[in-house]
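Have a look at the structure below before the remarks.
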Amino acid sequence: METDTSFYVKPSLTYPADAVAACLHDELLKAVRAQAHRTGQVLPDNPDEIAILAIEIDSLTVVEVLCSLDDILPFEVRESVVRAGGYGSIDTAVTDLAKSIEQQWKEHHDGGKNEQERKIRLTGQ
């Protein structure tokens, strides 16, 4: 006779905000440097200065960068997190994207309801 054991668990996974922000920052920095190299634009040497520099980062570039999050997140980030028209700096992009991705994280883990309990069925296998 198979025993059906059920109980409720609150998801305890925490959104990896620091890892997501660092990954986005690093990948956008690479993309901005590559674009500057192609166009002959001179950028500061300091990455922190580049991050706040007013520079156009188009939405297609940002969509390409989202793939870099595949090793950090247990889901594929939707392109809809990217603001149409792009961003005016790396810092602006990272801040905006991290918030949108966090919302997607919540939806992935608990349907967007922070305190939703999930029923887990243990089959004994």
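The values are calculated or read from the model by the stated rules, or taken from the named source; none is laboratory data. All values reported here derive from a predicted model rather than from experimental measurement. Positions of Cβ are backbone-derived with ideal geometry, glycine not excepted, and every protein chain shown enters the neighbour counts.
For region 12-54, filtering for residues that are modelled with pLDDT under 95 and surrounded by 15 or more Cβ atoms within 10 Å (Cβ to Cβ) leaves 1. Within region 71-90, residues that are within 25 Å of residue 53 (Cβ to Cβ) sit with their Cβ atoms under 6 Å from residues that are among the charged types (D, E, K, R) and outside any helix (DSSP H, G or I), at 6+ positions apart or across chains, in these pairs: 86/58.
Applying the set (1) touching a Pro at 6+ places or on another chain (Cβ under 7 Å); (2) over 15 Å from residue 31 (Cα atoms); (3) at pLDDT 95 or above to residue 118 leaves exactly one unmet item: (3). Kindly indicate whether any position in region 57-76 is part of a loop (DSSP other than H, G, I, E, B) and touching a strand residue (DSSP E or B) at 6+ places or on another chain (Cβ under 9 Å). Yes; the residues of region 57-76 include at least one that is part of a loop (DSSP other than H, G, I, E, B) and touching a strand residue (DSSP E or B) at 6+ places or on another chain (Cβ under 9 Å).
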